[in-house]
Amino acid sequence: MHASYVIRRLLQIIPTFLAVMLVVFLLVRLLPGDPASAILGDRATAEIVERTNRELGLDRSLPVQFGVFVRNLLQGNLGDSISLKIPVIRLIGERLPTTLFLTAYAAVLGVLMAVPLAVLAAVRRNTWVDALIRAVFQVGLSLPVFYVALQLLSLLGARLGWFPIGGYGENFTGHLYHLFLPALTLGLNLAAILVRTLRNSIIEVLTAEYVDFARAKGLRSRVIMTRHVLRNALIATVTLLGLNIGALIGGAVITETVFAIPGVGRLMVDAIFGRDYPVIQGLTLTFAIIVSLVFLITDLIHARLDPRAELT
Amino acid sequence: MTTMHSPVLEVPARPRRRLPKPTLLIGLALLLLLIFAALFPRVLAPFSPTDFDYEALLKGPSAKHPFGTDNFGRDVLSRVIYGTRTDMQIAIFTTLFPFIFGTLLGALTGYLGRWSDAVVGRVADLVVVFPFLVLVIAIVAVLGPGLTNMYIAVSAVGWVSYWRLTRGEVMSQKKAEYAQAGRVLGYSPSRILLRHLLPNAVTPAIVYLMTDMSLGILLGASLGYLGLGAQPPTPEWGVMVADGKNFMATAWWISTFPGLALTLAGVTFSLIGDGLADALRPRA
């Protein structure tokens, strides 16, 4: 991996961040009427609205407001939550680890389900095993996340009592136990996304000339599997995981809401119903930054694993 | 070995038309059923979707109410059937505008290239950095809950995939012989683009449209579940799953059947999408 590639890729993230900030800044300006009345509700008098506008700096021109917004952001100031009256950055800091834990957990479960099944489907391609695996995941892809969450919660949580029906737990094993059902929900969804593409990319490798050559050379099939097939499956998995980080975050928003998990996803939904615009703004920004960082990391890992990647 | 004698008489073998796969046929049959339910719910539904019946609260599936009744005594089967109309509407309106706008924009920037392509490319890169659901619910939060605002939000975000697909296709098609022939004949760029390139380049976008419809239904239902999409008492499958969530232990049928309907609709569109992809793929 060339240093110049890494530097170029790192520098690309700066304009992305600036543009993300602009979008998030403009998002709240889409509000019908002025933000202050939206924040304060209908009962506020014109005087109070005007004062709030002045306090929030909303009486100044848009470019000036954006300048202030960026300056505040660079100082880690995302404003205060309207409903909870604490700094948004602190709120996100408290809740983000839960969501990161959940998504990482889900990614692990999803990969553990998807990779072996995709390899199996690829090796036994066009047999009933392949057909069954693909059919199951095709249905899985059409299952809404909130529905799977609700069914798992009701069946394995409430009815059978195998797993807790909410909360986050105290320590690491507690988190693993409490978040199992939500992570399974998200993991199943992720596996459904992964299996098909993985299967096709593994088939591509299995039928590639260099694998034929390896076979002709007399390499044992286990060596071929680990050295060529699994290595390529790994590259494909990393890329797919990175590309689907947005879907994973979206799934986390829904899953956290169904399972009442105190993460940023649930915070987002709460903020929307509380019309807590600073929190919505801060979270949208956070999610976008996470996604662009994951895209960056994916590209770097990809460049590391696949020597051809830097050229494109 | 026909080539051994009388090669003159040999008619070049026409490529045999492949029969559509059974999956495509099943998908189309299911789609017809969904369209019928959406257009004529009254014919299929045994009861009104909104009438309360306090004599029949939370009744389990029976001959009279095959999907049971909810906490207001409404017939769940009838609500699921009437919900088809809302969810099919969601499938259409979450994809129609992104499809038209994204495809045309993709054709245009793919053909023109240079700065127009670069500018739209930057915007597209920016849009995909925001998790789809997060951006949609943030826009809906600002505009207010409801289906119309959801369509606006999805349209602002959903065009990127269509733009990508069509742009790439037009970029490779414009080098094809027929496009160059058009230029030699002195056709205007707009004629070459709209009459010749676009019809040839739109296939991937149409295939994706089917997948996108199933994603659109899932998104609409998710927003409905969260309370940001269709508003009660409109029968919408996601909202219905949410209505029944507090009764999962005692009346599982309220949530379970609308959820199955959602899954069925999703499977329908993905079967058609797969079938189309297969049927429209250029033969080797």
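Quick check on my filter: what residues within the range A:113-162 are part of a helix (DSSP H, G or I), among the aliphatic types (A, V, I, L, M) and free of Cβ contacts under 8 Å to residues at least 12 places away in the same chain?
Hits for the range A:113-162 are A:VAL129, A:ALA131, A:LEU132, A:ALA135, A:VAL136, A:VAL139, A:LEU155, A:ALA158.
Can you name every residue in the range A:241-263 that is buried (at least 20 other Cβ atoms within 10 Å of the Cβ), assigned to a helix (DSSP H, G or I) and more than 10 Å from chain B (Cβ to nearest Cβ)?
A:LEU241, A:THR255, A:GLU256, A:PHE259
Considering every residue within the range A:232-240, establish whether at least one is surrounded by 18 or more Cβ atoms within 10 Å (Cβ to Cβ), within 14 Å of chain B (Cβ to nearest Cβ), within 14 Å of the chain's Cα centre (by Cα) and closer than 19 Å to A:LEU102 by Cα.
no
Tally the residues that are surrounded by fewer than 19 Cβ atoms within 10 Å (Cβ to Cβ), facing chain A (nearest Cβ under 8 Å) and in contact (Cβ under 8 Å) with a residue 24 or more places away in the chain, restricting the search to the range B:123-160.
0
Would you tally the residues in the range A:38-57 being under 19 Å from A:PHE25 (Cβ atoms) and either surrounded by 16 or more Cβ atoms within 10 Å (Cβ to Cβ) or at pLDDT below 70 (or both)? Write out each step before concluding.
We begin by selecting, within the range A:38-57, every residue under 19 Å from A:PHE25 (Cβ atoms); these are A:38-39, A:52-57.
Cutting the leftovers down to either surrounded by 16 or more Cβ atoms within 10 Å (Cβ to Cβ) or at pLDDT below 70 (or both) gives us A:38-39, A:52-53, A:56.
The total comes to 5.
So B:MET213 fits all but one of (1) in contact with a helix residue (DSSP H, G or I) (Cβ under 7 Å, 6 or more places away or on another chain); (2) more than 14 Å from chain A (Cβ to nearest Cβ); what number is the exception?
(2)
Write out, first by first residue and then by second, each pair whose Cβ atoms fall under 7 Å of each other, whose residues are 6+ apart or on separate chains, and whose first residue, in the range A:22-33, is more than 7 Å from every other protein chain (Cβ to nearest Cβ) while the second is surrounded by 13 or more Cβ atoms within 10 Å (Cβ to Cβ) and at pLDDT below 90.
Every condition considered, the pairs that remain are A:LEU22/A:PHE66; A:PHE25/A:PHE66; A:PHE25/A:PHE69.
Do you know which residues across the range A:163-200 are part of a helix (DSSP H, G or I) and among the small types (Gly, Ala, Ser)?
A:GLY174, A:ALA183, A:GLY187, A:ALA191, A:ALA192
For the range B:225-238, how many residues meet the condition of being of a type outside the set (Phe, Trp, Tyr), more than 15 Å from A:ALA149 (Cβ to Cβ) and within 11 Å of chain A (Cβ to nearest Cβ)? Don't jump to the end; show me each part of the working.
Our first condition is that a residue be of a type outside the set (Phe, Trp, Tyr); within the range B:225-238, this holds for B:226-236, B:238.
Now drop any that are not more than 15 Å from A:ALA149 (Cβ to Cβ), which leaves B:227-236.
Add one more test, that the residue is within 11 Å of chain A (Cβ to nearest Cβ), and what stays is B:227-228.
So the count comes out to 2.
May I ask you to list pairs of residues, at least six apart or on different chains, whose Cβ atoms are under 6 Å apart, with the first in the range B:246-263 being more than 10 Å from chain A (Cβ to nearest Cβ) and under 15 Å from B:GLY60 (Cα atoms) and the second being surrounded by 20 or more Cβ atoms within 10 Å (Cβ to Cβ) and among the acidic types (Asp, Glu)?
B:ILE254/B:ASP70
If we scan the range A:73-93, do we find a residue that is buried (at least 21 other Cβ atoms within 10 Å of the Cβ), within 21 Å of A:THR284 (Cβ to Cβ) and modelled with pLDDT of 90 or more? Break it down into steps so the answer makes sense when it comes.
Of the residues in the range A:73-93, the ones buried (at least 21 other Cβ atoms within 10 Å of the Cβ) are A:78, A:81, A:88, A:91.
Keeping just the survivors that are within 21 Å of A:THR284 (Cβ to Cβ) gives A:78, A:81, A:88, A:91.
Retained after the next criterion (residues that are modelled with pLDDT of 90 or more): A:88, A:91.
Yes: one or more hits.
Of everything in the range A:141-166 that's more than 9 Å from every other protein chain (Cβ to nearest Cβ) and at pLDDT 90 or above, which residue is surrounded by the most Cβ atoms within 10 Å (Cβ to Cβ)?
Ranking the candidates gives A:ALA149 first.
Can you pull out every residue in the range B:158-192 that is small (Gly, Ala, Ser) and farther than 24 Å from B:LEU96 by Cα?
Within the range B:158-192, B:SER172, B:ALA176, B:ALA179, B:ALA181, B:GLY182, B:GLY186, B:SER188 qualify.
Of the residues that make up the range A:125-137, is at least one modelled with pLDDT under 90, more than 14 Å from chain B (Cβ to nearest Cβ) and within 23 Å of A:THR237 (Cα to Cα)?
Taking every residue of the range A:125-137 in turn, at least one turns out to be modelled with pLDDT under 90, more than 14 Å from chain B (Cβ to nearest Cβ) and within 23 Å of A:THR237 (Cα to Cα).
Are there any pairs, at least 6 apart or on different chains, whose C-beta atoms fall under 8 Å, with the first in the range A:63-88 and under 14 Å from A:VAL279 (Cα atoms) and the second surrounded by 13 or more Cβ atoms within 10 Å (Cβ to Cβ) and of a type in the set (Lys, Arg), and if so, which?
Correct list of pairs: A:ILE82/A:ARG275.
Here's the yes/no breakdown for (1) assigned to a loop (DSSP other than H, G, I, E, B); (2) closer than 30 Å to B:GLY121 by Cβ:
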| residue | (1), (2) |
| --- | --- |
| B:LEU30 | no, no |
| B:VAL43 | no, no |
| B:SER48 | yes, no |
| B:HIS65 | yes, no |
| B:GLN89 | no, no |
| B:THR103 | no, yes |
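What residue, of A:GLY242, A:GLY282, A:GLY274, is among the small types (Gly, Ala, Ser) and over 18 Å from A:LYS85 (Cβ atoms)?
A:GLY242
The values are calculated or read from the model by the stated rules, or taken from the named source; none is laboratory data. From a predicted model like this one, the values you see are computed outputs, not experimental measurements. FYI the Cβ positions are ideal-geometry reconstructions off the backbone, even for glycines, and counts take in every protein chain you see.
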